1. Being at pLDDT 95 or above and either touching an Asp or Glu at 6+ places or on another chain (Cβ under 6 Å) or surrounded by fewer than 24 Cβ atoms within 10 Å (Cβ to Cβ) (or both) narrows it down to one residue among B:M118, B:M133; which is it?
2. Within segment B:175-280, which helices (runs of 4 or more DSSP H) (wholly inside it) include 3 or more residues that are away from every other protein chain (no Cβ under 14 Å) and among the aliphatic types (A, V, I, L, M)?
3. Collect the residues in segment B:149-181 that are polar (S, T, N, Q) and either modelled with pLDDT of 80 or more or under 13 Å from B:T247 (Cα atoms) (or both), keeping them in residue-number order.
4. Given the options A:G290, A:G300, A:G269, name the one that is under 20 Å from A:G193 (Cα atoms) and either out of contact with any His (no Cβ under 6 Å at 6 or more places or on another chain) or buried (at least 18 other Cβ atoms within 10 Å of the Cβ) (or both).
5. Quick check on my filter: what residues within segment A:187-213 are part of a helix (DSSP H, G or I), among the β-branched types (V, I, T) and farther than 15 Å from A:V261 by Cβ?
6. For segment B:246-268: of the residues being hydrophobic (A, V, I, L, M, F, W, C) and closer than 20 Å to B:G285 by Cα, which is surrounded by the most Cβ atoms within 10 Å (Cβ to Cβ)?
7. Between a first residue in segment A:149-167 that is assigned by TED's automatic domain parsing to the domain that holds A:M86 and in a helix (DSSP H, G or I) and a second residue that is among the hydroxyl-bearing types (S, T, Y) and buried (at least 19 other Cβ atoms within 10 Å of the Cβ), which pairs have beta carbons less than 7 Å apart while being 6 or more apart in sequence or on different chains?
8. Going residue by residue through segment A:320-335, is there one that turns out to be closer than 19 Å to A:G176 by Cβ, of a type in the set (G, A, S) and surrounded by 22 or more Cβ atoms within 10 Å (Cβ to Cβ)?
Amino acid sequence: MKKKVLSVLLATTVVASLLAGCGSTAADTAAPAAEAAPAEEAAPAEEAAPAEEAATEEAAPADDAAASASGSTYALVTKSAGNPFMDRMATGFQEAVEDAGGTVVIQNPEAATPDAQISVIQSLISQGVNSIAVAGNDANALTAVLTEAEDAGIKVLTLDSDVAPDTRAVFCNQAGVDQIGETLMEAVYDLTGGEGDWAILSATSQATNQNAWIDAMKKLMESDSKYSKLNLVEVAYGDDEPQKSTDQTQALLQNYPDLKVICAPTTVGIAAAAKVLQDQKSTVKLTGLGLPSEMAEYIGDDDAHSCPYMFLWNPIDLGRLAGYTSVALVDGTITGAKGDKFTAGDLGDYTIEDIDGATQIILGPPFKFDPSNIDEWKEVY
Amino acid sequence: MAGKSGREISAVPASGIKGKLLSWEGALILILIGVNILGVAISPNYNVSNVLREMPRYLAEIFMMFGMGYILVLGDIDISVGALVCLAGTITVLSSNAGAPFGLAVVICLAVGLLGGMLNGFIATRFTELPTMIVTLGTQIIFRGIAEVLFETWGNGGGTASMADTKGLMLLAKKIGPFPIAFFCVIIVGVVMITVLSKTTFGRKLYAIGSNKTAAYYAGVKVEKIRFICYSLLGFLAGVCALFLLTATFGSNTTTGQGFEMEVIAMCVFGGIATTGGKGNLIGGFIAAFIIVCLRIALGQRNINTQIILVIIGLMLIISVLVPSISSAITARKKKAQT
């Protein structure tokens, strides 16, 4: 009987290895990564050299690869699997790197936690990839593992969500404060026709990013005479709760009969306000930052729709920017220092900025969602 | 050897070399070798130094596997330990950032784990009518809840905190040769825990309780006292886990330790410890832990989708619990054929 047990077990092992085989075909982006690995990379690894030796040898190909993008491997670690925003970002990353002739490895951690990202990054260090771009699940927890990656000669950058600035070369930021302020202000100017009352519907009164954007808009109104006929009547706070945002919108409509435009730079606020305006068939127009999937039914140019257009970031372009940045870091065009310049394919030229001690590359103005593209994007995120 | 209840008294170990080789543990060793061969075959980077470098995060979990093994042998379960790791890690980071020297922070970390385990043990032994799954589900929510409150009140907000002074942790993360310190600690704790369970009367009492609690009670075993000790021990090991996890993350956040309890239970079950109690031993769990870790590292290096890795581990787990019932079915059929 015991022998039978044993044979069942051996069969289990075989099944496990078969499954492993299936797995590698399923991970389509993964397969070429290992096959295309340069010979020098594979050779020292197989010898099972002692720790220190192996570490230095692993680092070597990263330096050798400075010549061109081909033969180098660029890794992207997303926040989690099954996240449409991250999936689009990965698509863009892959496009950019393949455009430059590099090999792509895209890894989704098994859970949306920094712990799961640590395992994935550790594995990428073992594989001796040339660069790792990561959308951090936590600002601090990746410090140790990213430092280890940099010590092994791997270029580290972040996108979407930054980590501690001294553990990565540069951060690919989806949008800068000033660009958001400018874009929203321009939208308000356009929708009001250049003059009249408008209001802001924000999240909570202490939300850092909201306040930064609102301050940027206020500064623009003061400094640019173009906006002098615009009258900001109130900044209302909906606390990012649908009900409270709805109440605040109704209060704005009641208190300011001449109101022309509401600008809501928060995804919760804009969705709540859009519903109120559309249900009441109000003439007040809406713009701001919103999720296409939530806002699709409110976006339109006619009076039946409350929001002519709104903004958010484009995940594909963010991924592409990170891809080109990875390539530039590995081939030595940039080091991640302030003032470094490089060309990110057809995205154009970028310069690394230093904002509050964190070096970053800002993707550009937010992406505009209007009736012409909303049907396509509402499926995305 | 099946008793009247149909349960095998498996605490009596198989004798002789042949018996040992053909046991579940022998099979696990074969699987471990198989997994390593697989690793070398599929990944050019699967070598001793890389595997040991990737291991520390997983090693932290193995500490808890030993404690969980005791709890499962008792026929109990504790699903709060993942959250306890989070709480212990969080308090350690916050107290260190508040100026506690590293030595004190270590003591605090272990003490928080021990106290959390004692709380579990206290509730489980005072209110024996409560299923331990529910008790520890409650404490799981409490532990993680406290950690989140602490982040808000003493941290910088955002549900995450990093250790400002990492010198002590760096020391713990050091390697002796290619082996991380955590590796030696796991071996030492493992040898002690395995010996206690298999060679001492205390260990035998655990099997007695797990096989039949009432019978153990009437045989003079202090059932509740022993259960309390085991829960406290598991809590303490959760503190040890938190400490070594910190050497990999240098900080704590609200998701720290998420899912650890299930991974640890999986290691035990794959190692042949029955969740119904009274069966299996820690050597199996120990080998199984390394099988899972090596498999994860090997498949990870091949960039296999992490979700597929989870599926593979899940399948292995189900097959491993099916094997005993399949083999007993075969035996039953044989017996039928003979008569």
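1. B:M118
2. Result: B:181-199, B:201-211, B:223-249, B:260-270.
3. Correct list: B:T153, B:S162, B:T166.
4. None of the other options fit; the residue is A:G300.
5. A:T208
6. By that ranking, first place goes to B:V264.
7. From residues that are assigned by TED's automatic domain parsing to the domain that holds A:M86 and in a helix (DSSP H, G or I), the pairs are A:P165/A:T359; A:T167/A:T143.
8. Scanning segment A:320-335 turns up at least one residue that is closer than 19 Å to A:G176 by Cβ, of a type in the set (G, A, S) and surrounded by 22 or more Cβ atoms within 10 Å (Cβ to Cβ).
The values are calculated or read from the model by the stated rules, or taken from the named source; none is laboratory data. Everything numeric in this text was worked out from a predicted model, so none of it was measured. Here Cβ is always computed from backbone atoms with ideal geometry, including for glycine, and neighbour counts include all displayed protein chains.
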